[in-house]
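Student: Below is a structure I'd like to ask you about.
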2 protein chains.
Amino acid sequence: MTIKEIAEAAGVSTATVSRVLNNSDKVQGKTAERVLEVVEKLNYRPDHVARRMRVKTTNSLVFGLVITDIENPFFANVAKGVESVAFKNKHVLMICNTNEDPEKEKFFLNSMLSEKVSGVILVPTTGNAEFYDKLVSDGFPLVLVDRHPKGLNVDTVAINNEEGGYKAVKRLVDLGHTRIGIINGIKGLSNAEERFHGYKKALNEAGVPIIDELITYGNYVESGGRKATEALLTINEPPTAIFSTNNLMTLGCLKELYKRKISIPDDIALIGFDDSTWAEALIPPLTTVKQPGYELGVNAAELLIKRLNNPHSSIMNIVLNTELVIRNSCGGLKP
Amino acid sequence: MTIKEIAEAAGVSTATVSRVLNNSDKVQGKTAERVLEVVEKLNYRPDHVARRMRVKTTNSLVFGLVITDIENPFFANVAKGVESVAFKNKHVLMICNTNEDPEKEKFFLNSMLSEKVSGVILVPTTGNAEFYDKLVSDGFPLVLVDRHPKGLNVDTVAINNEEGGYKAVKRLVDLGHTRIGIINGIKGLSNAEERFHGYKKALNEAGVPIIDELITYGNYVESGGRKATEALLTINEPPTAIFSTNNLMTLGCLKELYKRKISIPDDIALIGFDDSTWAEALIPPLTTVKQPGYELGVNAAELLIKRLNNPHSSIMNIVLNTELVIRNSCGGLKP
DNA sequence: AAGTAAATTGTAATCGTTTACAGTCACAAA
DNA sequence: TTTGTGACTGTAAACGATTACAATTTACTT
């Protein structure tokens with residue numbers, strides 16, 4: 001079913017059909033009606049592929065979204081935010097999942113470029129910075145979310161990770177802890193390093209020494225969180241509190257603690273980063289730094305649209321704030 | 001950067017470049033090398049849009065995936081399974097999120113058809129059955145996952161929901177419960193009804209009467225689970241065990257129980273459906289019926305590929321089994 | 001009635017590939 | 001030398017839409 005068949009059936013030219021379909025230009029009311037009737041009757045569906053080939057604008061009706069882990073509820077939130085904006089703009093989403101693999105990421109970005117998406121929202125891994133740079137300088141609409149490779153002049157939407165880390169650790173310090181273990185994310189990722197900065201800042205401010213033994217890395221995955229927890233618990237003088245810097249590692253940590261029958265918050269205090277939907281269902285409910293994942297996605301999508309409408313406006317870097325959600329996994333709550 | 005420019009730069013025709021790029025046909029080694037060098041040097045990226053327009057096959061390098069809730073870890077699992085197969089086949093995924101809204105679903109399906117995806121994997125909502133039917137009879141490659149509208153002759157991959165529900169409730173019955181509340185999913189959805197069948201079957205087999213008061217509906221969302229739990233707890237003689245038929249409703253249930261300081265498994269037993277990553281981190285860890293979400297996705301994608309390669313082979317309905325994961329939320333475990 | 005501007009519609013080129021078909025070339029056989 | 005045969009390579013026509021430009025019709029003025 002093509003525009004040509006519609007044209008024939010309605011006794012007009014393809015140009016007229018196209019005009020009616022894009023309800024642009026001036027077509028006589030009667031003619032438009034007749035065409036629309038035929039369109040309806042023949043159940044015609046426009047071919048976006050053909051359209052996109054002809055129309056050189058960025059108007060492809062598809063946005064790309066590249067995330068690192070679709071199974072992490074945080075990124076699911078982000079995706080939902082992006083989706084809601086995309087849908088409002090009649091766009092559809094091409095979502096890819098890199099698993100933090102730079103090669104996969106490159107493949108997906110190339111695929112999306114080949115598919116001529118309008119633009120891409122990307123949670124960057126490490127190692128492809130020059131590639132992004134080339135895309136941006138070629139004028140391709142790209143928005144980075146959640147992470148910001150150093151020295152890159154590109155639109156970004158991220159959260160204030162340092163402040164988030166600071167808040168979390170300050171809370172622990174305020175409750176009297178001085179041996180505070182941290183489970184860090186992936187080395188070299190901006191958000192991981194910033195959260196770590198926040199940790200150090202809070203300790204420094206309180207005059208608490210920073211002890212190497214208490215600094216572990218869990219690479220943002222559950223098994224990493226578990227191993228890191230194990231490491232923290234088996235040192236000479238284990239921490240009295242743990243700051244886990246993402247939700248999956250928190251899960252690993254919880255499981256390890258449960259296995260060892262170490263109870264929260266009595267034996268150890270635990271504070272997480274990222275408020276997942278299950279955080280409140282834990283016993284005790286988890287105190288955590290809440291990241292606005294959905295808003296991150298919404299803002300990224302809106303920024304992308306802004307960029308599309310105005311390719312030469314200056315680069316924007318949006319930073320959203322976190323919120324400390326105090327529940328009971330660090331104690332300190334009135335009963 | 002088009003194939004034409006490559007052709008000029010390499011001093012050959014566009015046909016030759018195309019042949020080299022699709023490493024088909026016989027092109028002289030030297031020529032191919034020269035072309036590839038130019039491709040490399042000029043950083044050429046094929047235009048899939050143009051390609052797809054010319055090539056009428058189903059070979060579009062894009063699969064569609066329509067799910068109902070990207071924030072539900074179960075569907076994230078499914079998506080990941082689909083993704084892994086897609087990636088192996090150098091395909092990229094167009095993912096849409098219907099939120100159980102039939103209108104949105106229709107819009108997305110139309111979009112995907114317009115984008116000429118190779119085929120679609122769909123978690124169907126209610127109400128668009130005739131639409132699917134038309135697609136399938138038009139020869140469009142469609143695979144349904146997780147749910148199966150009645151009377152539709154279409155490829156499906158689902159789990160054995162009735163057996164899953166049966167296993168869960170049997171476990172409760174075996175532990176001596178006779179007042180077992182159920183929090184059902186969305187009325188009219190095959191998987192919800194099948195799980196409910198399993199519930200009734202287990203009770204009937206044990207000679208336990210089925211009591212209307214104990215049957216509630218939570219529509220597969222957290223708030224629904226919460227309200228349903230509230231309803232169950234405020235009847236005259238509350239249940240001693242609850243079967244929650246999906247993960248989000250289980251979360252709602254847990255929160256309601258926590259609020260009311262009802263402890264698991266001492267005051268009430270709880271069994272869930274769908275083993276989320278957090279289920280094991282709960283205290284006590286959640287006993288649940290595990291659905292193989294990832295495998296569901298893998299199988300759906302493979303079925304889709306099979307369908308693409310062989311459009312006229314007979315319709316397949318794949319059913320995967322569940323597994324009862326016994327933890328401690330129903331009690332009955334040796335300490 | 002003729003002329004003119006405005007409104008509507010049609011013609012045909014174009015987007016970047018793929019591919020049927022045709023053409024070229026080298027070399028072996030007659 | 002001519003002819004036939006592969007092995008390559010090139011030419012040009014699609015694919016389905018959009019749109020500049022041309023053509024036609026309509027409406028209005030004088």
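The values are calculated or read from the model by the stated rules, or taken from the named source; none is laboratory data. This one's a predicted model, so the numbers in the text were calculated from it and none came from an experiment. Here Cβ is always computed from backbone atoms with ideal geometry, including for glycine, and neighbour counts include all displayed protein chains. When the accessible area is computed, the model is the full protein with side chains, heavy atoms only, and any ligands, DNA or RNA have been set aside. Shrake-Rupley method; radii C 1.70, N 1.55, O 1.52, S 1.80 Å.
Student: Consider B:Arg19 carefully, then state whether it is at pLDDT 90 or above, more than 26 Å from A:Leu135 (Cα to Cα) and out of contact with any Pro (no Cβ under 6 Å at 6 or more places or on another chain).
Tutor: yes
Student: Only residues that are acidic (Asp, Glu), in contact with a Ser or Thr (Cβ under 8 Å, 6 or more places away or on another chain) and open to solvent by 10 Å² or more (accessible area, probe 1.4 Å): list them for segment B:80-113, please.
Tutor: If the condition is that a residue be acidic (Asp, Glu), in contact with a Ser or Thr (Cβ under 8 Å, 6 or more places away or on another chain) and open to solvent by 10 Å² or more (accessible area, probe 1.4 Å), then B:Glu100, B:Asp101 are the ones that fit.
Student: On to the next question. Output the number of the condition that A:Asn77 fails; it satisfies all remaining conditions of (1) facing chain B (nearest Cβ under 10 Å); (2) assigned to a loop (DSSP other than H, G, I, E, B); (3) open to solvent by 10 Å² or more (accessible area, probe 1.4 Å).
Tutor: It is condition (2) that A:Asn77 fails.
Student: Quick one: which strands (runs of 3 or more DSSP E) lie wholly within segment B:180-281 and hold at least 2 residues that are within 30 Å of B:Gly151 (Cα to Cα) and away from chain A (no Cβ under 14 Å)?
Tutor: B:180-184, B:215-217
Student: Now for a different question. As an exercise: evaluate B:Thr156 against (1) more than 18 Å from B:Thr288 (Cα to Cα); (2) outside the structural domain of B:Met94 (by TED's automatic domain parsing) and give the number of the one condition it does not meet.
Tutor: (2)
Student: Ok, one more. Does at least one position in segment A:146-154 carry a residue that is without any contact (Cβ under 8 Å) to a residue 24 or more places away in the chain and more than 10 Å from every other protein chain (Cβ to nearest Cβ)?
Tutor: Yes.
Student: Identify all residues within segment B:114-143 that are over 23 Å from A:Arg51 (Cβ atoms), buried (at least 16 other Cβ atoms within 10 Å of the Cβ) and not aliphatic (A, V, I, L, M); write none if there are none.
Tutor: The answer is B:Pro124, B:Thr125, B:Asn128, B:Tyr132, B:Asp133.
Quick grid of which residues meet (1) within 14 Å of DNA strand C (Cβ to nearest atom); (2) on the phi > 0 side of the Ramachandran plot; (3) not in a loop (DSSP other than H, G, I, E, B):
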site	(1), (2), (3)
A:Arg34	yes, no, yes
A:Glu40	no, no, yes
A:Tyr44	no, no, no
A:Arg52	yes, no, yes
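Student: List the pairs whose first member sits in segment A:44-57 and is within 15 Å of A:Gly119 (Cα to Cα), whose second member is away from DNA strand C (no atom under 12 Å from the Cβ), and whose Cβ atoms are under 6 Å apart, counting only residues at least 6 apart or on separate chains?
Tutor: From residues that are within 15 Å of A:Gly119 (Cα to Cα), the pairs are A:Arg52/A:Ser60.
Student: What pairs come up if the first residue lies in segment A:98-109 and is β-branched (Val, Ile, Thr), the second is open to solvent by less than 30 Å² (accessible area, probe 1.4 Å), and their beta carbons are under 7 Å apart, counting only those six or more places apart or on different chains?
Tutor: Sorted first by the residue in segment A:98-109, then by its partner, the pairs are A:Thr98/A:Val66; A:Thr98/A:Thr68; A:Thr98/A:Lys104; A:Thr98/A:Glu105; A:Thr98/A:Phe108; A:Thr98/A:Thr125.
Student: All but one of (1) surrounded by 14 or more Cβ atoms within 10 Å (Cβ to Cβ); (2) out of contact with any Phe, Trp or Tyr (no Cβ under 7 Å at 6 or more places or on another chain); (3) touching a residue at least 24 places away in the same chain (Cβ under 8 Å) hold for A:Pro311, so report the exception by its number.
Tutor: For A:Pro311, the failing item is (1).
Student: Kindly indicate the residue of segment A:20-48 that is among the acidic types (Asp, Glu) and within 14 Å of chain B (Cβ to nearest Cβ) and also farthest from DNA strand D (Cβ to nearest atom) among those meeting that condition.
Tutor: Only one residue fits best here, namely A:Glu40.
Residues are listed down the side, and each one gets a yes or a no for (1) within 14 Å of chain B (Cβ to nearest Cβ); (2) farther than 25 Å from B:Phe108 by Cβ; (3) more than 14 Å from DNA strand C (Cβ to nearest atom); (4) open to solvent by 60 Å² or more (accessible area, probe 1.4 Å):
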| residue | (1), (2), (3), (4) |
| --- | --- |
| A:Ala15 | no, yes, no, no |
| A:Ser18 | no, no, no, no |
| A:Val55 | yes, no, no, no |
| A:Gly64 | yes, no, yes, no |
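Student: Another question about this same structure. For segment A:273-280, does any single residue satisfy the condition of being in contact (Cβ under 8 Å) with a residue 60 or more places away in the chain, touching a Gly at 6+ places or on another chain (Cβ under 7 Å), of a type in the set (Phe, Trp, Tyr) and open to solvent by 30 Å² or more (accessible area, probe 1.4 Å)?
Tutor: So far as segment A:273-280 goes, no, none of its residues is in contact (Cβ under 8 Å) with a residue 60 or more places away in the chain, touching a Gly at 6+ places or on another chain (Cβ under 7 Å), of a type in the set (Phe, Trp, Tyr) and open to solvent by 30 Å² or more (accessible area, probe 1.4 Å).
Student: Restricting the search to segment A:20-51, which residues are surrounded by fewer than 18 Cβ atoms within 10 Å (Cβ to Cβ), under 26 Å from A:Val62 (Cα atoms) and acidic (Asp, Glu)?
Tutor: Passing the criteria: A:Asp25, A:Glu40.
Student: Moving on to the next point. Any residue that is part of a loop (DSSP other than H, G, I, E, B), touching a residue at least 60 places away in the same chain (Cβ under 8 Å) and open to solvent by less than 40 Å² (accessible area, probe 1.4 Å) - is there at least one of those in segment B:155-175?
Tutor: Among the residues of segment B:155-175, not one is part of a loop (DSSP other than H, G, I, E, B), touching a residue at least 60 places away in the same chain (Cβ under 8 Å) and open to solvent by less than 40 Å² (accessible area, probe 1.4 Å), which makes the answer no.
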